[in-house]
1. May I ask you to list pairs of residues, at least six apart or on different chains, whose Cβ atoms are under 8 Å apart, with the first in the range A:244-259 being surrounded by fewer than 21 Cβ atoms within 10 Å (Cβ to Cβ) and the second being not in a helix (DSSP H, G or I)?
2. Assess whether A:Glu84 counts as being of a type in the set (Asp, Glu), surrounded by fewer than 20 Cβ atoms within 10 Å (Cβ to Cβ) and either at the interface with chain B (Cβ under 9 Å from one of its Cβ atoms) or in contact with a Gly (Cβ under 9 Å, 6 or more places away or on another chain) (or both).
3. Select from the range B:258-286 the residues that are among the charged types (D, E, K, R) and either part of a helix (DSSP H, G or I) or away from chain A (no Cβ under 14 Å) (or both) and list them in ascending order.
4. Please go through the range B:94-105 and pick out each residue that is assigned to a helix (DSSP H, G or I) and under 16 Å from the mean Cα position of the chain (by Cα).
5. Give me the helices (runs of 4 or more DSSP H) completely within the range A:56-148, filtered to those with at least 2 residues that are charged (D, E, K, R) and modelled with pLDDT of 90 or more, ordered by residue number.
6. Which residue, of A:Asn155, A:Asn126, is over 29 Å from the mean Cα position of the chain (by Cα) and either more than 14 Å from every other protein chain (Cβ to nearest Cβ) or surrounded by fewer than 20 Cβ atoms within 10 Å (Cβ to Cβ) (or both)?
7. May I ask you to verify whether A:Lys375 is assigned to a helix (DSSP H, G or I) and either at pLDDT below 90 or under 19 Å from A:Ala347 (Cα atoms) (or both)?
8. Taking the condition out of contact with any strand residue (DSSP E or B) (no Cβ under 8 Å at 6 or more places or on another chain) and assigned to a loop (DSSP other than H, G, I, E, B), does B:Met334 pass?
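The values are calculated or read from the model by the stated rules, or taken from the named source; none is laboratory data. Please read these numbers as outputs of a predicted model, since none were measured by experiment. All Cβ positions, even for glycine, are placed from backbone atoms using ideal geometry, and neighbour counts span all protein chains on display.
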Amino acid sequence: MSDFSEELKGPVTDDEVETSVLTGAGMHFPWLQTYIETVAIGGKRKKDFAQTTSACLSFIQEALLKHQWQQAAEYMYSYFQTLEDSDSYKRQAAPEIIWKLGSEILFYHPKSNMETFNTFADRMKNIGVMNYLKISLQHALYLLHHGMLKDAKRNLSEAETWRHGENTSSRGILINLIQAYKGLLQYYTWSKKKMELSKLDKDDYAYNAVAQDVFNHSWKTSANISALIKIPGVWDPFVKSYVEMLEFYGDRDGAQEVLTNYAYDEKFPSNPNAHIYLYNFLKRQKAPRSKMISVLKILYQIVPSHKLMLEFHTLLRKSEKEEHRKLGLEVLFGVLDFAGCTKNITAWKYLAKYLKKTLMGNHLVWVQDEWNSRKNWWPSFHFSYFWAKSDWKEDTALACEKAFVAGLLLGKGCRYFRYILKQDHQILGKKIKRMKRSVKKYSIVNPRL
Amino acid sequence: MDLEEAEEFKERCSQCAAVSWGLTDEGKYYCTSCHNVTERSQEVINTDLIPNTLIKALNRGLKKKNNSEKGWDWYVCEGFQNILCQQAEALKNLGIGPELKNDVLHNFWKRYLQKSKQAYCKNPVYTTGRKPTVLKDNLSHSDWASEPELLSDVSCPPFLESGVESQSDIHTRKPFPISKASQSETTVCSGSLDGVEYSQRKEKGIVKMTMPQTLAFCYLSLLWQREAITLSDLLRFVEEDHIPYINAFQHFPEQMKLYGRDRGIFGIESWPDYEDIYKKTIEVGTFLDLPRFPDITEDCYLHPNILCMKYLMEVNLPDEMHNLTCHVVKMTGMGEVDFLTFDPIAKMAKTVKYDVQAVAIIVVVLKLLFLLDDNLEWSLSNLAEKHNEKNKKDKPWFDFRKWYQIMKKAFDEKKQKWEEARAKYLWKSEKPLYYSFVDKPVAYKKREMVVNLQKQFSTLVDSTATAGKKSPSSFQFNWTEEDTDRTCFHGHSLQGVLKEKGQSLLTKNSLYWLSTQKFCRCYCTHVTTYEESNYSLSYQFILNLFSFLLRIKTSLLHEEVSLVEKKLFEKKYSVTKKKSRSKKARRH
């Protein structure tokens, strides 16, 4: 009934309280929440207002889950009253919840359109100042989604210049994000211009104007993006476009610095793409092999099944260091451990060749090292009778490579190998014969005396 | 220059602090001691037309404008008076006789004001704690000619009094001296004159008016009039917005401004709770020192025999069960006038929860007939089903299983709808409540925002989905013979579960289990506890169904069932504690 608690605290204006309490990451236990609430109000019955509005919220969520946009809108109509909640904590949480639910509804509702969405976004931006930037950003993304680049850009520019109240750290990141998205849009225009430029002849009268344009854009964009990518996080699209522009203007050192920082800075979350970007850059720059190997070594640890692993293998194979060549074998086995790579003919071809080479080079121990941990499951995983049949049917070349590997690892008695041998194929006949000979000679099952 | 007319302006002069005002020709106040002219001007009320001193006094009170922003001067109890008036009006629209408003409720209220020393007495409690000088000042020239008359008014039994005062009286009565002078100096604010003081007041032995208390007053008057509305009906009508309660303050006259502490007093964000209002009713009845209420006899709606009939119809049970409920009522003595009639002056003032009790009796009868142990009721249903298949022309036997299936479906649907309607309930008033004038624009801006957003979303809502308010009804379920989907069991017979023995009918089922073995004797408020999982599913379903109908907690109904059983099997409780069996012989 009489609730003076808020009054005692005095009226709280919206901008005094930080959002972090709400957006803070962590686990959420609904039952715990209600328990805490009852403790907080001293075991008193929760107000019906609080009960019905939380019931309303779950009805909205359920409707959204079932894609019942109309029903969701109906409940939303009532849920707006949480903006006037007498509980100041809940009142401050309301705009963000309403924005998230409302924008979702308006995004999908059949009767909704761009105009409704824009009005809604503009309204929500101005309820309290805490959400202005976040909503502006999401509004811009919505516009982007609908291909309205100009409106999105205008929106971001407005948000960028918006100033209200104190600057807090969470707001700082948001500003950076907004600027970076603006930068990304600028990159998009730049990229289009660059395409135009590449179509034009150097002697074309328009060439200089376009070139000038391209240059101006780049300058603005780099300023916009560079601030963001210094903050730890995953910024793939930003980094990629930023580097592309740096490279275009010949600032290789700058690009390398950005990429190295992005890949190696420990404050950043582990991100395979960071290493891929760096590797691709180094490849373009024709960097020394050792450098590229060290980059891919890290990628190998994060994603051993990545398609770049085959390139990694070729690099290692060519290396003079014995250690590298052993690693080359390891990488190939690693790739084929993954179900998604079982039909990768290149991988099998490489493995067949490299196994033979390794065995010829008297490195039986290397092979055994790899094989020991796999001999329990590879036969049924790769070399079953079923696979032999289906591989032969689908791709005889693949079947041959696999048969060779099977022969080398399991001996000539292996079912896969025997099945392929039995197949009488005119073109592959010679190859199979050669294979049979090699197996006899090198198979690890009957080591030569 | 009219000195007398300027008397109503009570603020101290800003220059010499005297309270002595005259009126200039333009109607502005000027200080007679230092001739300082204020910005304030007298409110233009044409008192010449009605040369009546009483009206003049009224103008000084309620209608007096302090300044246009702040509205009229008004007291908290006037706010409650206005709300009671609205509620009485709503009850009248529901078909309750006009006497309820004009005589009963009116007199209860006057008695309350007197008992709580707010009016109709020599020294109203109101001005204590205020500046005594102001009070004295006020009393010295107050023209309370009507005071003795009003006092004598109440001293005679209020219920015999005819409508001496007209209805408009309720709105405009202004029995308190004004002490606005001190108000303008205080910082903690409220729109009413005494809101701050009121919210802090705690006086022993005096029942303070609150929002739920208004419903206690309504129920008390309904009870006095023996109207056909139970407490659960009343509260359901409140929830369905047929009786003003939540945001009732938004219908106050435009000039009665609410803010600050008034928010805690009049703004309410919960629906009334059955037990709470029940308790408050007794509290108010005792506080008002009311005499014994009119007798609840067998022809009254609140008598268990009639209520049982009503609830049997409501939940689609056979009419024949009514004989059994009447029998239980007779055996337990729950139909007796002394038991049923509310007597606030009795030593232990208590009233009966008529609706809960009637429903509890039905539950007991169901237990007598079907045992409700998740076993017997189903085997009896099998018998009934077979019998009905064979004899299609006869009056069908009541089939518990079939009844359960139909009721379960209807109940689930109703409950779902009820939950949805609750989730959609709009709590906030068109007039936002704010803490102070500083917050006012913020509150209004928020309000406007909400209205705009709602307007926008209402275009997305299917217009057919939002039908208007349903009309009030004391029935929530409707069973008719014509509806083929939903079988109506009213005409079904209980032959399958009763057997004849000589002239009397016995229940086929000879077993019974008590809902409660032990009653709490400690100081906790509940009679016994209800742990759902300890009871059979049929019993749970029946309790859930009935407690939903009454909008009460299941545990409350369980307690009432236990109390009925206690009365029915009194001997078993007191003599032996053996497994109790039902009384076998039931005469009809």
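1. Short answer, once both residue conditions are applied: A:Arg252/A:Gln285; A:Gln256/A:Gln285.
2. Working: of a type in the set (Asp, Glu): yes; surrounded by fewer than 20 Cβ atoms within 10 Å (Cβ to Cβ): yes; either at the interface with chain B (Cβ under 9 Å from one of its Cβ atoms) or in contact with a Gly (Cβ under 9 Å, 6 or more places away or on another chain) (or both): yes.
Spelling it out, A:Glu84 is indeed of a type in the set (Asp, Glu), surrounded by fewer than 20 Cβ atoms within 10 Å (Cβ to Cβ) and either at the interface with chain B (Cβ under 9 Å from one of its Cβ atoms) or in contact with a Gly (Cβ under 9 Å, 6 or more places away or on another chain) (or both).
3. We begin by selecting, within the range B:258-286, every residue among the charged types (D, E, K, R); these are B:261-263, B:269, B:273, B:275-276, B:279-280, B:283.
Across the range B:258-286, the qualifying residues are B:Asp262, B:Arg263, B:Glu275, B:Asp276, B:Lys279, B:Lys280, B:Glu283.
4. First pass over the range B:94-105, keeping only residues assigned to a helix (DSSP H, G or I): B:99-105.
Listed by number, the residues that qualify are B:Leu100, B:Lys101, B:Val104, B:Leu105.
5. Values: elements: A:69-79, A:88-108, A:114-125, A:132-145.
Per the criteria, A:88-108.
6. Working: A:Asn155 fails: over 29 Å from the mean Cα position of the chain (by Cα).
The conditions single out A:Asn126.
7. Details: assigned to a helix (DSSP H, G or I): no; either at pLDDT below 90 or under 19 Å from A:Ala347 (Cα atoms) (or both): yes.
Here the answer is no, as A:Lys375 does not meet what is asked.
8. On the way: out of contact with any strand residue (DSSP E or B) (no Cβ under 8 Å at 6 or more places or on another chain): yes; assigned to a loop (DSSP other than H, G, I, E, B): yes.
Judged against the criteria, B:Met334 is a match.
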